[in-house]
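First comes the structure, then the notes that go with it.
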Amino acid sequence: MIIDFHTHTFPAKISAGVLAKLSLKSHTSYFTDGSADGLVSSMQEGGIDYSVNLPVMTNPGQVEKVNSALIAEQEELRRKGIITFGGIHPDYEDYKSELMRLKQSKIPGIKIHPAYQNTDIDDIRMMRIIDAASELGLIIVTHAGIDIGIYDHNYASVSQILKIIDTLHPEKFVLAHMGNWGCWEDVEHDLAGAPIWFDTAFSIGPVTPDTKSGQKPYLSCNLSDEEFIRIVRKHGADRILFATDSPWEDQRDYVERIKRIPLTETEQDMIFAGNAKKLLDL
């Protein structure tokens, strides 16, 4: 079994525009049309059994509308192999009620994105969301490290994340992009081994430039295989979740990237599905 713990989909009527905008911003390519059906086709090609959909709320007005749509669609998505999370924005005032609504609707977790939400992760607005979600037993996935399209400030640095861990002790806290994209020395020295999960999204192998514009990304900071193995073994393979960041990576290619890295069979089994099954209670 393979579970991709970090993917994104958008409503079909806006997906093309969203992908074009984000691709231009990051100077990177995309590999599906951004829709749920596009993700399903990608999963079939890559031999992936389940994908976790992570919505990002870029303004507080989206929260109720997007979450309501995902709650209504979650059974149909699940039949397609897509497990959807909900989202929250730091400026959404009634966050406790919204988190409870997600919990009661059997949504397993939330996604926050400090960079896209223009709020440091150790801001009190973010910290209270993380704390309340953790109290409800929700999984919290956060973008961690530099964002390839917003490279002038790290809204979720290793030091800020260590503050979250030491202050709030969140039980199901997942750091996307192997703990902190582009800040690998800090991850290896200061963060690996903490009681949290890392996902592998958009962190291994080459970054694919935007083939339409011909421009190269401003940043290209992915891990080498050797760096990846060191971080996995210091952190513990039982706390690593396979993830791609589809549509920003090709799921089939990403599976092969992980398979080529000289991990043990036990380590690969945990990373590809075992850890996610436990965290998602599948």
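The values are calculated or read from the model by the stated rules, or taken from the named source; none is laboratory data. All values reported here derive from a predicted model rather than from experimental measurement. Neighbour counts run over all protein chains shown; Cβ positions are idealised from the backbone, glycine included.
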(request) Would you check which residues across the range 171-186 are touching a residue at least 40 places away in the same chain (Cβ under 8 Å), surrounded by 21 or more Cβ atoms within 10 Å (Cβ to Cβ), part of a loop (DSSP other than H, G, I, E, B) and touching a helix residue (DSSP H, G or I) at 6+ places or on another chain (Cβ under 7 Å) and list them? (result) Met178, Gly179
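Test Asp152 against the stated conditions and say whether it is under 30 Å from Lys216 (Cα atoms), part of a loop (DSSP other than H, G, I, E, B) and either touching a helix residue (DSSP H, G or I) at 6+ places or on another chain (Cβ under 6 Å) or in contact (Cβ under 8 Å) with a residue 40 or more places away in the chain (or both). Even if it seems obvious, please write down each step before you answer.
Numbers: under 30 Å from Lys216 (Cα atoms): yes; part of a loop (DSSP other than H, G, I, E, B): yes; either touching a helix residue (DSSP H, G or I) at 6+ places or on another chain (Cβ under 6 Å) or in contact (Cβ under 8 Å) with a residue 40 or more places away in the chain (or both): no.
Judged against the criteria, Asp152 is not a match.
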(request) Pull up the range 96-115, narrow it to residues that are assigned to a loop (DSSP other than H, G, I, E, B) and on the phi < 0 side of the Ramachandran plot, then point me to the one that is surrounded by the fewest Cβ atoms within 10 Å (Cβ to Cβ). (result) Ser105
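So, in the range 209-231, exactly how many residues are within 22 Å of Val52 (Cβ to Cβ), in contact with a Ser or Thr (Cβ under 9 Å, 6 or more places away or on another chain) and β-branched (Val, Ile, Thr)? Working first, answer last.
If we filter the range 209-231 for residues that are within 22 Å of Val52 (Cβ to Cβ), which is where we start, we get 222-223, 228, 231.
Add one more test, that the residue is in contact with a Ser or Thr (Cβ under 9 Å, 6 or more places away or on another chain), and what stays is 222-223, 228.
Narrowing further to those that are β-branched (Val, Ile, Thr): none.
So the count comes out to 0.
Just need a number here: residues in the range 11-20 that are under 28 Å from Phe272 (Cα atoms), of a type outside the set (A, V, I, L, M) and part of a helix (DSSP H, G or I). Spell out how you get there, then give the answer.
Taking the range 11-20 first, the residues under 28 Å from Phe272 (Cα atoms) are 11, 15, 19.
If we keep only those that are of a type outside the set (A, V, I, L, M) too, we end up with 11, 15.
Pick out the ones that are also part of a helix (DSSP H, G or I) and you get 15.
The number of residues fulfilling the criteria is 1.
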(message) Taking the criterion of being of a type in the set (Ser, Thr, Tyr) and surrounded by fewer than 21 Cβ atoms within 10 Å (Cβ to Cβ), would at least one residue in the range 69-91 satisfy it?
(response) no
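Only residues that are part of a helix (DSSP H, G or I) and under 20 Å from the mean Cα position of the chain (by Cα): list them for the range 21-40, please.
The initial filter retains those residues of the range 21-40 that are part of a helix (DSSP H, G or I), namely 21-26, 36-40.
Matches in the range 21-40: Lys21, Leu22, Ser23, Lys25, Ser26, Ala36, Asp37, Gly38, Leu39, Val40.
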(request) State all residues of the range 209-252 that are under 21 Å from Leu24 (Cα atoms), of a type in the set (Val, Ile, Thr) and buried (at least 17 other Cβ atoms within 10 Å of the Cβ); if no residue qualifies, say none. (result) Thr244
(request) Test Ile161 against the stated conditions and say whether it is modelled with pLDDT of 95 or more, part of a strand (DSSP E or B), of a type outside the set (D, E, K, R) and crowded, with 22+ Cβ neighbours inside 10 Å. (result) no
(message) Could you list, ordered by first residue, the pairs with Cβ atoms under 6 Å in which the first is in the range 123-141 and of a type in the set (Ser, Thr, Tyr) and the second is buried (at least 18 other Cβ atoms within 10 Å of the Cβ) and in a loop (DSSP other than H, G, I, E, B), at least 6 apart or interchain?
(response) Ser134/Pro170
(message) Condition check: of a type in the set (Gly, Ala, Ser) and either in contact (Cβ under 8 Å) with a residue 60 or more places away in the chain or at positive phi (or both). Does Gly86 satisfy that?
(response) no
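Quick one: is Ala273 at pLDDT 95 or above, outside any loop (DSSP other than H, G, I, E, B) and surrounded by 14 or more Cβ atoms within 10 Å (Cβ to Cβ)? Talk me through it step by step, then tell me what you get.
On the way: at pLDDT 95 or above: yes; outside any loop (DSSP other than H, G, I, E, B): yes; surrounded by 14 or more Cβ atoms within 10 Å (Cβ to Cβ): yes.
The answer is yes for Ala273.
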